[in-house]
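Peer 1: Quick one: the structure is below, and I'll ask about it shortly.
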Amino acid sequence: MKIRSRAPLRLGIGGGGTDVSPYCDTFGGVVLNATIDRYAWTTLDLLEEPSNHVIFESADLGLIQDFSFSDIFEKPLTSPLLLHKVVYKYFIDNFNSGKPIALKVTTLCEVPMGSGLGASSTIVVSLIKAFDELFHNTTLDDYEIANLAVFIERELCQLKGGRQDQFAASFGGVNFIEFGKKTEALVNSLRIKRWVINELEASLLLFFTGVSRDSATIISNQSENLHKENTDAVEAMHRIKSNTYALKRALLEGDFEKFCCLINESWKNKVKTSSKVSNNRIDSILSTAFKFGAKAGKVSGAGGGGFMWFFVPPEKKHTVITELQKFEGMISECHFVENGAESWKIK
């Protein structure tokens, strides 16, 4: 028997960074994001007895590790596939009385790590959803799956980052998410008019810079600025938060002129939160896109590289694509998806 799951990646629209401690703990954070037709996949293959091994594989990274039952529990939880290992151990400990199961756990992500589309966290949500299916649905709801993913990444694995990616992947759709301390989160699913979604899909361009970045480094720098009470960084984060409320309204009303102005203003403030958010290459790509017709543009995620996205009137798309191709990145379009994490059995 096989078990398969998938969870959608997200496009960050507004508020990114306000979901990261210490900002959200002190001031509360808000994020606007939408899931797109790019996925993180998990496959669980039950290995036949007398196997006493657990195999972890990341198909896109070309990594594979084979553990005996004794090794996986006795050795420290450090490995290139740490997230796979920790999710496995969590479910074995909490839903199988600590009794190991012989499995092959394979993940595949449709975008590179460090893409700015929430790949790592989406993989964790996909893993959790697959194990939830394995144990005949452990009654974890969307909130519990997202909070468990945050707990595994931030607490058990001590990986730095925010909380929006896990909630986007778990819930799916266009969401306005409010964050408080620790596990405080409220997901507001937005009912966006169909014509607004159509216009967004017609106008969006994704551009992968070819550079995967370490979001933890940028987030650490932003957090350090907040801890030091760097006035410029804190005020910039406040403006990003305020803009996110306005972005929600512009999207609900289909006011694309206002939407584009707010995206550009938010990006200018994002750059002020850390010197690592932008660089000469990103600035050059943005200025070129604007010169040839883009109305708005920003880096998705923490910044520094990964995916950028642009709002380009459809009649200008061909020209903008032609000019962006000179930067030797990967250009694509995307569609929005409503469903969050899903799982199923294959007999």
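The values are calculated or read from the model by the stated rules, or taken from the named source; none is laboratory data. All figures in this text were calculated on a predicted structure; none of them were measured in a lab. All Cβ positions, glycine included, derive from the backbone under ideal geometry; neighbour counts span all protein chains shown. In case anyone asks, the SASA skips ligands and DNA or RNA and just uses the protein heavy atoms, side chains included. Shrake-Rupley method; radii C 1.70, N 1.55, O 1.52, S 1.80 Å.
Peer 1: For segment 329-335, what does the Karplus curve 6.51 cos²θ - 1.76 cosθ + 1.60, with θ = phi - 60°, yield as ³J(HN,Hα) per residue in whole Hz, taken in order and with x for Gly and Pro?
Peer 2: Listing the rounded values in order: x, 10, 9, 8, 10, 8, 10 Hz.
Peer 1: Ok, one more. Obtain the radius of gyration and the Kirkwood radius of segment 5-86 from its C-alpha atoms and give Rg over Rh.
Peer 2: With Rh from the inverse mean 1/r over Cα pairs, Rg/Rh is 1.13.
Peer 1: Another question, then. Under the definition of Cα pairs under 8 Å and six or more residues apart, what whole-number percent is the relative contact order of segment 5-87?
Peer 2: Reported as a whole number, the value is 23 percent.
Peer 1: Only Cα pairs under 8 Å and at least 6 apart count here; give the relative contact order of the chain as a rounded whole percent.
Peer 2: This gives 26 percent for the chain.
Peer 1: A further question follows. Given a 10 angstrom Cα cut-off, can you work out which residue in 119, 102, 296 is the most mobile in a GNM of the chain?
Peer 2: Among 119, 102, 296, the largest mean-square fluctuation in the Gaussian network model of the chain belongs to 102.
Peer 1: A follow-up question, please. Considering only DSSP beta bridges where both residues belong to the chain, give the percentage that are antiparallel (nearest 5).
Peer 2: 90 percent
Peer 1: Across 5 Å bins from the origin, how do the percents of Cα pairs in segment 20-162 run, short distances first?
Peer 2: Per 5 Å bin, starting at zero, the Cα-Cα P(r) for segment 20-162 comes out as 2, 8, 18, 22, 21, 14, 8, 4, 2, 0, 0 percent.
Peer 1: How high is the relative contact order of segment 69-194, in percent, with contacts defined as C-alpha pairs under 8 Å that are six or more residues apart?
Peer 2: That works out to 19 percent.
Peer 1: Report the net charge of residues surrounding residue 66, where surrounding means a beta-carbon distance below 11 angstrom and charges are Lys +1, Arg +1, Asp -1, Glu -1.
Peer 2: In short, -1.
Peer 1: Going through segment 15-109, which GluC sites (Glu not before Pro) have at most 13 other Cβ atoms within 10 Å and a DSSP loop state?
Peer 2: 48
Peer 1: Something else now. Might you work out the accessible area of residue 239 for me, using a 1.4 Å probe with all protein chains in place, and round it to the nearest 10 Å²?
Peer 2: Residue 239 has an accessible surface of roughly 90 Å² with all protein chains in place.
Peer 1: Right, something else. Using label points projected 7 Å from each Cα along Cα→Cβ, tell me how many nm separate residue 257 and residue 189, to one decimal.
Peer 2: With each label point 7 Å from Cα toward Cβ, the separation is 3.4 nm.
Peer 1: Still on this structure, please answer the following. Quick check on the chain: helices-only [θ] at 222 nm, where DSSP H runs of length 4 and up contribute -39,500 (n - 2.57) each and the sum goes over total residues. Nearest 500, please.
Peer 2: So the calculated ellipticity at 222 nm is -12500 deg cm²/dmol.
Peer 1: If you consider only alpha-carbon coordinates, what radius of gyration and Dmax does segment 240-347 have, in Å?
Peer 2: Cα-based Rg and Dmax for segment 240-347 come out at 16.0, 54 Å.
Peer 1: Using Cα springs under 10 Å in a Gaussian network model of the chain, which residue among 16, 116, 28 shows the largest mean-square fluctuation?
Peer 2: 28
Peer 1: Here's another thing I want to ask about it. Test of understanding: in a Gaussian network model of the chain with alpha carbons linked when under 10 Å, which of 73, 131, 292 would top the mean-square fluctuation ranking?
Peer 2: 73
Peer 1: Given a Förster distance of 45 Å, report the FRET efficiency between residue 49 and residue 26 from their Cβ-Cβ distance, rounded to the nearest 0.05.
Peer 2: With a Förster radius of 45 Å, E is 0.30.
Peer 1: Hey, of (1) 17.3; (2) 23.6; (3) 18.9, which did the structure itself give for mean projected area of the Cα convex hull in nm² when calculated?
Peer 2: Looking at mean projected area of the Cα convex hull in nm² for this model, the match is (1).
Peer 1: Any idea what % of Cα-Cα pairs in segment 15-55 are farther than 12 Å?
Peer 2: Across segment 15-55, Cα pairs with separations above 12 Å total 73 percent.
Peer 1: On to the next question. Distance in nm between label sites at residue 68 and residue 136, each 7 Å beyond Cα in the beta-carbon direction?
Peer 2: 3.2 nm
Peer 1: For segment 102-167, count the residues as N, evaluate 2.2 N^0.38 Å, and divide the Cα radius of gyration by that value, please.
Peer 2: Here the answer is 1.12, to two decimals.
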